[in-house]
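Enquirer: Quick one: structure below, then a few questions.
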Amino acid sequence: MLYRAQDAHGTSRLGYAESKDGVHFVRDHEPVLSPEAEYEKDGGVEDPRLQRFGDTFYLTYTGYNKKDAQLCLATSRDLRHWERLGVIIPAYQGNWNVGWTKSGAIVPEKIDGKYWMYWLGTAADKTDQMGLSYSTDLMHWTEATVAPVLPRRAGKFDERVVEPGPAPIITHDGIVLIYNGADDKLVYRAGVAVFDLRDPQKLVARSEHAVFGPELEWEKTGQVPNVVFVEGMAEKGGRNLFYYGGADKYVGVAEAKINGATPSRHLEQ
């Protein structure tokens, strides 16, 4: 696992932890990625998302310098030693984004000869919505749509924020993306979107209601209250493990059978 942690000054770094059962983790004492580049200074490195192609891990993350937040990329062969490749989706640019960029979720397979990535941007109405870009080399990305590929919905759990969660998975039904939504009170819950296997721009299905939300005390009370924010996912023994932030203070894991059984929670502090 890669996870984000803050020091006493509010600077974020990425740590590394290992587990044999997916629930109980042992952490390294030192971070594996710390702010070094100008676009990371003072604020730090946040929002890790992992994807693997061949022998290389691709890490999308937010570089934050307490002025701007931008979607960045790094690569590794062992998850501990990382090479920065720079900003891949700049802030304040694009077809509809007028603000920061974050949270890149890369589709695990090429479609139509291209890599595809869902990401977060800020629309002109100051709400955070989801964009889509494609690339032939994972470094240079072109925006695929003129408007958000997954827009916010008034009166729903994703009225204010629509943000990619873990890397999507490929199924017979389409590209399945767990995403994080926030309502007008900034309560964060998770939903599911499914995109077409041949056209990652085409939405096939979307949660009418949240599938996961803050219920336990440590999800309701913390640095940012009333937040469950899913960023990692792993399949183990016919079940899916979803790793998420609780109130921006803890890392937890919820499990659900692939047939959609109700998740149960664990806390890993």
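Enquirer: Could you tell me whether any residue of the range 124-140 is touching a His at 6+ places or on another chain (Cβ under 8 Å) and either crowded, with 16+ Cβ neighbours inside 10 Å or at pLDDT 95 or above (or both)?
Expert: No - not one qualifying residue is present in the range 124-140.
Enquirer: Which one is surrounded by the fewest Cβ atoms within 10 Å (Cβ to Cβ) among residues in the range 186-203 that are more than 15 Å from L132 (Cα to Cα) and either of a type in the set (S, T, Y) or in contact (Cβ under 8 Å) with a residue 24 or more places away in the chain (or both)?
Expert: L186
Enquirer: For the range 167-184, give me each residue that is in a loop (DSSP other than H, G, I, E, B) and modelled with pLDDT under 95.
Expert: H172, D173, listed by residue number.
Enquirer: Give me the residue from the range 209-242 that is among the charged types (D, E, K, R) and exposed (fewer than 15 other Cβ atoms within 10 Å of the Cβ) and, out of that set, farthest from the chain's Cα centre (by Cα).
Expert: E217
Enquirer: Being among the basic types (K, R) and closer than 21 Å to V251 by Cβ is the filter here, so list the residues in the range 13-51 that pass it.
Expert: R13, K20, R27, R49, listed by residue number.
Enquirer: Which of the residues spanning the range 26-41 are free of Cβ contacts under 8 Å to residues at least 40 places away in the same chain and of a type in the set (A, V, I, L, M, F, W, C)?
Expert: Listed by number, the list holds a single entry, V26.
Enquirer: So which pairs qualify, if the first residue must be in the range 228-239 and free of Cβ contacts under 8 Å to residues at least 60 places away in the same chain and over 16 Å from L120 (Cα atoms), the second must be buried (at least 19 other Cβ atoms within 10 Å of the Cβ) and of a type in the set (A, V, I, L, M), the Cβ gap must be under 7 Å, and the two must be at least 6 apart or on different chains?
Expert: Correct list of pairs: V228/A190.
Enquirer: Next question, about the same structure. State whether one or more residues within the range 187-199 are of a type outside the set (S, T, N, Q), under 18 Å from D47 (Cβ atoms) and assigned to a loop (DSSP other than H, G, I, E, B).
Expert: No; the residues of the range 187-199 include none that is of a type outside the set (S, T, N, Q), under 18 Å from D47 (Cβ atoms) and assigned to a loop (DSSP other than H, G, I, E, B).
Enquirer: It is to be established whether one or more residues within the range 112-125 are in contact (Cβ under 8 Å) with a residue 40 or more places away in the chain and within 27 Å of W218 (Cβ to Cβ).
Expert: Scanning the range 112-125 turns up at least one residue that is in contact (Cβ under 8 Å) with a residue 40 or more places away in the chain and within 27 Å of W218 (Cβ to Cβ).
Enquirer: Touching a strand residue (DSSP E or B) at 6+ places or on another chain (Cβ under 9 Å), surrounded by 14 or more Cβ atoms within 10 Å (Cβ to Cβ) and closer than 20 Å to Y118 by Cβ: does that describe F53?
Expert: yes
Enquirer: Restricting attention to the range 35-44, does a residue exist that is assigned to a strand (DSSP E or B) and either at pLDDT 95 or above or more than 17 Å from the chain's Cα centre (by Cα) (or both)?
Expert: Within the range 35-44 (the criterion being assigned to a strand (DSSP E or B) and either at pLDDT 95 or above or more than 17 Å from the chain's Cα centre (by Cα) (or both)), the answer is yes, since at least one residue qualifies.
Enquirer: Still on this model: For the range 144-153, give me each residue that is under 15 Å from P164 (Cβ atoms) and either assigned to a strand (DSSP E or B) or more than 17 Å from the chain's Cα centre (by Cα) (or both).
Expert: A144, T145, L150
Enquirer: Here's something else I'd like to know. Can you tell me which residue in the range 215-239 is farthest from M1 (Cα to Cα), limited to those that are charged (D, E, K, R) and not in a helix (DSSP H, G or I)?
Expert: E215
Enquirer: Just checking, does the range 10-30 include any residue being over 21 Å from W119 (Cα atoms), of a type in the set (S, T, N, Q) and assigned to a strand (DSSP E or B)?
Expert: yes
Enquirer: Of the residues R49, R84, R13, R80, which is in contact (Cβ under 8 Å) with a residue 24 or more places away in the chain, under 25 Å from R239 (Cα atoms) and basic (K, R)?
Expert: R49
Yes/no matrix, rows are residues, columns are (1) farther than 28 Å from E83 by Cβ; (2) not polar (S, T, N, Q):
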| position | (1), (2) |
| --- | --- |
| Q129 | yes, no |
| S135 | no, no |
| V149 | yes, yes |
| F157 | yes, yes |
| V192 | yes, yes |
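The values are calculated or read from the model by the stated rules, or taken from the named source; none is laboratory data. Every value quoted in this text rests on a predicted model; they were computed, and no experiment measured them. Virtual Cβ from ideal backbone geometry, glycine too; neighbours counted across all protein chains shown.
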